[in-house]
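First up is the structure itself, then whatever we jot down about it.
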Amino acid sequence: SVEASIPENQREAWRKHSAHGFENKDEFEKEAVRHIETTLARSLFNCDELAAYSGTALAFRDRLVIDWNRTQQRQTFADQKRVYYLSLEFLMGRTLDNAMLNVGLKDAAKDGLTDLGFRIEDIISQEHDAALGNGGLGRLAACFLDSMATLNYPAWGYGLRYRYGIFKQEIMDGYQVEIPDYWLDFNPWEFPRHDITVDIQFYGYVRKYQDDDGKSHAVWEGGEIVDAVAYDVPIPGYKTGTTNNLRLWSSKASRGEFDFQKFNSGEYESSVADQQRAETISAVLYPNDNLERGKELRLKQQSFWCSASIYDIVRRFKKSKRSWSEFTDQVAIQLNDTHPTLAIVELQRVLVDIEGLDWEDAWKIVTGTFSYTNHTVLPEALEKWSVPLIQNLLPRHLQIIYEINLQFLQMVERRFPQDREMLRRVSIIEESQPKMVRMAYLAIVGSHKVNGVAELHSDLIKTTIFKDFVTIYGPDKFTNVTNGVTPRRWLNQANPRLSEIIKAKLGGDEFLSDLNLLNQLENFVDDKAFRKEWAEIKYANKVRLAQFIMAQTGVSVNPKVMFDIQVKRIHEYKRQQLNIFGVIHRYLTIKNMTPEERKTYYPKVSIFGGKSAPGYWMAKNIIHLVNSVAQVVNNDKDVGNLLKVVFIEDYNVSKAEMLFPAADISQHISCAGMEASGTSQIKGVLNAGLLIGTCDGANIEVAREIGEDNIFLFGTLAEDVEDLRHAHSYSQHSIDGDLLKVFDAINSGIFGDRNSFSAIVSAVADHGDYYLVSDDFNSYIKTQALIDEAYKNQEDWITKCITSVARMGFFTSDRCIQEYAESIWNIEPLPPASKA
Ligand code: T68
């Protein structure tokens, strides 16, 4: 064994001094103080909250590292199949609280911090969010990492270490302003691995030659080299020693390439410029969600990260000295959307050009290794790269893409000999000017499984954008894995008090690892004391949010009235415009009432939050409208406390953890068929809020699980969307009278800036209303009225909330990971060795 190769006396010395990390409150204090005094060079007399956070984080980091080393060693020795989750985004949020929970020492830290003079909540909130993602796609990747570790799967994440995450949003005069998010000043959760550096090649040319046996070869030569440096982040599982690895690549000028000649001869500036150009690759996250703009730097990011990750995976495989035919028994690679599709091409290149495998043998390995998750049907989000761009940056990859396409089209032609139209439609190369590579098609052809992220979405991709591929490959290649979220963060961490009373009722916290156990809560729906506490917790969470709103915006909101929230990226398909039209309608209704009537009307706080892509003018305009309506409504004496409108600045993961526990109702009102899944509706219900939603994405499955009586569904069905759009385009489509009044109010200028706001109106009234706002407005308003009425009956409302939470077990990301592991990756868990 490996152990036996080390002399006994050395082993003994290492064992004797091996690090353990703290196990209780006293040891925590000792470790935290040691880090504050030595690692941070602070003392009792100058330890502010940030220093206390840093010391606490470093103490927990030591604990994680011990489990992490042990897990990595065990996984290396066991050498069983691993999954690699490739995602250009990991929206992790804060780490300390999660580390405390997963390691099981949060109480020790809480008491220890009290001894040292701090409140644990204040310390936790010092941490800067790690925001290496845009929205749902990036957060899903983060939930999946948590679940993979918790379920003891040997799994690594691979991503990019952006120096700037998603921008910080400030609202100035009602407009979104973007501030760079430099987040690396103090990041105790990453470990630079300067010894793990991969040379990444760009540009250059392909040289072809024949060897002595007449076999032809291709070599990619010339161009430039950039270094990829690994930064590792430990990912602890809940109540298990398993601590997996997230490897993020950072770009750096290559040691070989950085021009010392220039530097020495005094051309500092141009030599430093070369260096900066290399570092630009991993400098910044592209801030678009559901949009691809085809920029060269983005392609560079993708190919840099794919090449480094494939190199790393192949190197690890080769260490085991197995034959290539065993590759798919050892390696599964999941593509989070098409962003990592070049990894398919890169693995084929490595196997054929470098390892010398035959094309067919290599291709069998490649398709057996990869699987692809689709997250959207929006045409503007489906990635396409121009052929000239790829030709220039990755000349050998382009040849391989053409060869993959040729083989694929020949196969299709054999199977469907008469169908030239089919060949044109499914070709990986779109014959446009310039030609484009359709990345989703490449991902399908190079994978053995393709999945959507909710039932409706998985059905839709099979009947629309990927229909031909179902004909070609048969239906079994296409599957569904409905999204979920980790209950550790989205129940325990976000809502500790709710988690606490559930634990008390269920007699333990096993529900955090087996979320179906929540169903036992149904036994307590009539338990008076339990219901009372339940209501008190929601109220306390609303008080906390009200204080935050006061501090951030100066608006006073009453925590006794209904909190209605819509927080997510701002996008026309998500229809924040429908929400704000509804708010304006409510405002006009109140204005038209007599003071007597107002006394019996339903008070409400309407809360918005979310970022717009910096170049998305319409979305920014919607943010401006929300803020302008807020200005008017919140200062109107006629309205008083009946209606308040709030826009929460800089929505991110840690704000979400505060917002969902405070929501009475949350809105998930996308145009049917356009939200692949959505995940925030899950966070809303799990935190004891009800939903208003369309029949879209995972809303449909939430309704099925919790019961139609417990959700407010409205609006057009996906199957009717096309017809309605068509109708808009030829007939003057009639717009609901209430909506026209809203438009009149906006166009009258009472909210200011009538010129730009009129574009929001025009999109509906004059430009085809692509998102069917006018079709759904009436049922939306009626459903809001039902909600107002339902909220008056607090007893029924609480029953609905408890029942809904009890039935949310299906939506844990643990279930997702189990499905991926069993039906797509074919991997087994590797639990930690029991401590002897
Ligand atoms: C989201 N997609 C889906 N994309 O919109 C959402 N896109 O319905 C789903 O629940 C979620 O994925 C998880 O499956 C995104 O978040 C992006 O952020 C994105 C980023 C870059 C390019 C394209």
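The values are calculated or read from the model by the stated rules, or taken from the named source; none is laboratory data. Bear in mind that the values here come from a model prediction, so they are computed numbers and not experimental data. For neighbour counting, all protein chains shown are included, and Cβ atoms are generated from backbone atoms with ideal geometry for every residue, glycine included.
Every condition in (1) surrounded by fewer than 20 Cβ atoms within 10 Å (Cβ to Cβ); (2) modelled with pLDDT of 95 or more; (3) of a type in the set (D, E) holds for D769 except the one numbered (1). For segment 417-432, give me each residue that is among the hydroxyl-bearing types (S, T, Y) and touching a helix residue (DSSP H, G or I) at 6+ places or on another chain (Cβ under 9 Å). Across segment 417-432, the qualifying residue is only S427.
Screening the candidates A343, A308 for the property of being at pLDDT 95 or above, in a helix (DSSP H, G or I) and under 21 Å from the mean Cα position of the chain (by Cα) yields one hit, A343.
State all residues of segment 456-499 that are without any contact (Cβ under 8 Å) to a residue 60 or more places away in the chain, part of a helix (DSSP H, G or I) and of a type in the set (S, T, N, Q); if no residue qualifies, say none. Once the filter is applied, which keeps residues that are without any contact (Cβ under 8 Å) to a residue 60 or more places away in the chain, part of a helix (DSSP H, G or I) and of a type in the set (S, T, N, Q), segment 456-499 yields S458, T463, T471, S499. Among the conditions (1) touching a His at 6+ places or on another chain (Cβ under 9 Å); (2) touching a residue at least 12 places away in the same chain (Cβ under 8 Å), I746 misses just one, which is (1).
Of the residues R489, R531, the single one that is out of contact with any Phe, Trp or Tyr (no Cβ under 9 Å at 6 or more places or on another chain), among the basic types (K, R) and buried (at least 18 other Cβ atoms within 10 Å of the Cβ) is R489. Restricting R161, R193 to those that are exposed (fewer than 14 other Cβ atoms within 10 Å of the Cβ), touching a strand residue (DSSP E or B) at 6+ places or on another chain (Cβ under 6 Å) and under 25 Å from Q276 (Cα atoms) reduces the list to R193. So which residues in segment 141-177 are charged (D, E, K, R) and away from the ligand (no atom under 16 Å from the Cβ)? Passing the criteria: R161, R163, K168, E170, D173.
Considering (1) free of Cβ contacts under 8 Å to residues at least 24 places away in the same chain; (2) closer than 23 Å to N187 by Cα; (3) part of a helix (DSSP H, G or I), the lone condition that R11 does not fulfil carries the number (2). The strands (runs of 3 or more DSSP E) found wholly in segment 179-236 and carrying at least 2 residues that are without any contact (Cβ under 8 Å) to a residue 24 or more places away in the chain occupy 205-210, 216-221.
Set side by side, the residues N621, N641, N627, N634 differ, and just one is touching a residue at least 40 places away in the same chain (Cβ under 8 Å) and within 18 Å of V773 (Cβ to Cβ), which is N621. Restricting Q681, Q667 to those that are buried (at least 23 other Cβ atoms within 10 Å of the Cβ), within 13 Å of the ligand (Cβ to nearest atom) and in the same structural domain as I607 (by TED's automatic domain parsing) reduces the list to Q681. Among the residues of segment 453-471, are any assigned by TED's automatic domain parsing to the domain that holds A381, in contact with a Phe, Trp or Tyr (Cβ under 8 Å, 6 or more places away or on another chain), farther than 30 Å from V206 by Cβ and within 16 Å of the ligand (Cβ to nearest atom)? So far as segment 453-471 goes, yes, one or more of its residues are assigned by TED's automatic domain parsing to the domain that holds A381, in contact with a Phe, Trp or Tyr (Cβ under 8 Å, 6 or more places away or on another chain), farther than 30 Å from V206 by Cβ and within 16 Å of the ligand (Cβ to nearest atom).
Within segment 756-766, is even one residue farther than 22 Å from S628 by Cα and outside the structural domain of D146 (by TED's automatic domain parsing)? The answer is yes, given that some residue of segment 756-766 is farther than 22 Å from S628 by Cα and outside the structural domain of D146 (by TED's automatic domain parsing). A count restricted to segment 694-733 and to residues that are of a type in the set (S, T, N, Q) and free of Cβ contacts under 8 Å to residues at least 24 places away in the same chain stands at 2. Within segment 326-349, being more than 15 Å from the ligand (Cβ to nearest atom), touching a residue at least 12 places away in the same chain (Cβ under 8 Å) and not aliphatic (A, V, I, L, M) holds for F327, T328, D329, Q330, E346, Q348, R349. Within segment 288-300, being away from the ligand (no atom under 11 Å from the Cβ) and in a helix (DSSP H, G or I) holds for E296, L297, L299, K300.
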